[in-house]
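The next block holds one structure in the form of structure tokens; read it before the comments.
The values are calculated or read from the model by the stated rules, or taken from the named source; none is laboratory data. A quick note: this is a predicted structure, and the numbers were derived from the prediction, not measured. All Cβ positions, glycine included, derive from the backbone under ideal geometry; neighbour counts span all protein chains shown. Only protein heavy atoms, including side chains, enter the accessible area calculation; ligands, DNA and RNA are left aside. Shrake-Rupley method; radii C 1.70, N 1.55, O 1.52, S 1.80 Å.
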Amino acid sequence: VLSCADCHGGNTEDDVTAHNEEFGFIGTKLSSHLETCADCHGEEAELLDQGAHAWDWQERINLNYPMCVDCHGNHDIGNPPESFALADVCWDCHDAFDEDYPAYNELVEQNDKFWKTLSKVRQYNLMNPEPVPEQFTAEIDELRGTSMQMFHAMNDVDEASVEQHNQKLEALRKRLAAWLAEQN
């Protein structure tokens, strides 16, 4: 379980001085640059570092390049709100995302549809320790992992790979929706 200090630094021994700079506290999104996140998310950081959103964080923090929290949120990274839409994140910086990155746009749209359904399943099943039914977990992890690899690398992807991945996402989304309908 993460604590505030895992991302923001600070003094974990004394609440009075917890936010003092002398203890390395960083209270803004500057604490969420690639180097900090890479401590736990090495594979994702490596992919991102090879893609179009890469920046040499050792040189300095560059607020013109996206940081991890720009796409993932900050305090809800593992559990984004139901209203989360990846398209909103992409369009925040890319005025013509659909025209400039058509394959990624299709991938984003399918991931957003998938997230809406998965979010409804999680909300319905919230009282369970694992809100996603076990029979879907491995496939969800695999498909989300593939999506992550495509998004973090953010290099040219071939349309056939995106189409194949989107078909798998859509099929799983439909099975999740059917499972949810059976529960009601």
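Annotations
- Among residues of the range 162-184 that are in contact (Cβ under 8 Å) with a residue 60 or more places away in the chain and under 16 Å from GLU109 (Cβ atoms), those with a Cβ under 8 angstrom from a residue that is part of a helix (DSSP H, G or I) and among the β-branched types (Val, Ile, Thr), sequence gap 6+ or separate chain, pair up as ARG173/THR117.
- In the range 131-145, the count of residues that are free of Cβ contacts under 8 Å to residues at least 24 places away in the same chain and hydroxyl-bearing (Ser, Thr, Tyr) is one or more.
- Of the criteria (1) assigned to a helix (DSSP H, G or I); (2) surrounded by 14 or more Cβ atoms within 10 Å (Cβ to Cβ), which one ALA138 fails: (2)
- Among the residues of the range 86-128, just one is in a loop (DSSP other than H, G, I, E, B), open to solvent by less than 30 Å² (accessible area, probe 1.4 Å) and at pLDDT below 90, namely ASN125.
- Applying the set (1) of a type outside the set (Lys, Arg); (2) at pLDDT 90 or above; (3) open to solvent by less than 30 Å² (accessible area, probe 1.4 Å) to GLN164 leaves exactly one unmet item: (3).
- Selection status of SER83, at pLDDT below 90, open to solvent by less than 20 Å² (accessible area, probe 1.4 Å) and under 23 Å from HIS72 (Cα atoms): no
- Among residues of the range 2-23, those that are over 22 Å from HIS41 (Cβ atoms), open to solvent by less than 50 Å² (accessible area, probe 1.4 Å) and assigned to a loop (DSSP other than H, G, I, E, B), counted: 2
- Here VAL132 fits the description: part of a loop (DSSP other than H, G, I, E, B), surrounded by 14 or more Cβ atoms within 10 Å (Cβ to Cβ) and of a type in the set (A, V, I, L, M, F, W, C).
- Residue check, MET150 within 20 Å of CYS68 (Cα to Cα), under 19 Å from the mean Cα position of the chain (by Cα) and in contact (Cβ under 8 Å) with a residue 60 or more places away in the chain: no
- LEU143 vs. criteria out of contact with any Ser or Thr (no Cβ under 9 Å at 6 or more places or on another chain), at pLDDT 75 or above, among the hydrophobic types (A, V, I, L, M, F, W, C) and not in a loop (DSSP other than H, G, I, E, B): yes
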